[in-house]
Amino acid sequence: MLQEANLLREWAMSQSRDFLGKAVDRSTVEAACGTAEEVLLRAIELVQIEQGNDSLEAQLLVELASLKGVLSRFALEGFQDPSFAIDQFMEVRSYLQDARRLDPIGYHSLDVLAWSSMYVLASQRLGRVRKLDALYPSRHGHE
């Protein structure tokens, strides 16, 4: 399941390059992301039922966070409302926090947080305040 979701996410990311240069039918990419999300949520549910495999659950959560990071990136590149991008980024943070609780020594969650945060910081579509609110939600008591 993890491999399937990873391949779908990677394929969607490769398609985003076309989004930048020309109009592309986004529905196929959005469908792939939706399928990947369904696969990951189902896998997480199954792992939680069995219990005791925190490492696998953490990997699945990191992959789900990566998918949300890709969706945030697409929105920040101008394809959706910037609020959608912020919502997806907040989900990235939430899933990564859960993954870090399960696997505090894993580094992949930090990698995902770094690259997804870089897209938020680099975005021309977000003002400084929105960037700060996304990166530091505790400024307003959200966490």
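Using a 10 Å cut-off around each Cβ, can you sort GLU38, GLU57 from fewest to most neighbouring Cβ atoms?
Sorted ascending by nearby Cβ count, the order is GLU38, GLU57.
Give the relative contact order (percent, whole number) for segment 31-92; include only Cα pairs under 8 Å separated by 6+ residues.
Relative CO of segment 31-92 lands at 28 percent.
What are the ³J(HN,Hα) values, in whole Hz, obtained from phi via the Karplus relation 6.51 cos²θ - 1.76 cosθ + 1.60 with θ = phi - 60°, for each residue of segment 82-99 in sequence order, with x given for Gly and Pro?
Per-residue couplings from phi come out as x, 4, 4, 4, 5, 4, 5, 5, 5, 5, 3, 4, 5, 5, 5, 4, 5, 5 Hz.
Kindly put VAL39, VAL112 in sequence by how many other C-beta atoms sit within 10 Å of each C-beta, fewest to most.
VAL39, VAL112
Between THR35 and ASP54, what is 0.36 nm times their sequence separation minus the Cα-Cα distance? Round to one decimal in nm.
Here the segment from THR35 to ASP54 would lengthen by 4.5 nm.
Using a 10 Å cut-off around each Cβ, can you sort TYR95, TYR107, TYR119 from fewest to most neighbouring Cβ atoms?
Result, fewest neighbours first: TYR107, TYR119, TYR95.
Efficiency by 1/(1 + (r/R0)^6): what FRET value for ALA114 and LEU46, r their Cβ-Cβ distance, R0 = 35 Å, to the nearest 0.05?
Between ALA114 and LEU46 the formula returns 0.75.
With label points built 7 Å along Cα→Cβ from the Cα atoms of ARG101 and SER27, find their separation and express it in nm.
Each label point lies 7 Å from its Cα, and together they span 3.9 nm.
Values in this text are rule-based calculations from the coordinates and carry no lab data. On a predicted model such as this, the values are computed, not experimentally measured, just so you know. So basically every Cβ, Gly included, is an ideal-geometry build from the backbone, and we count neighbours across all protein chains shown.
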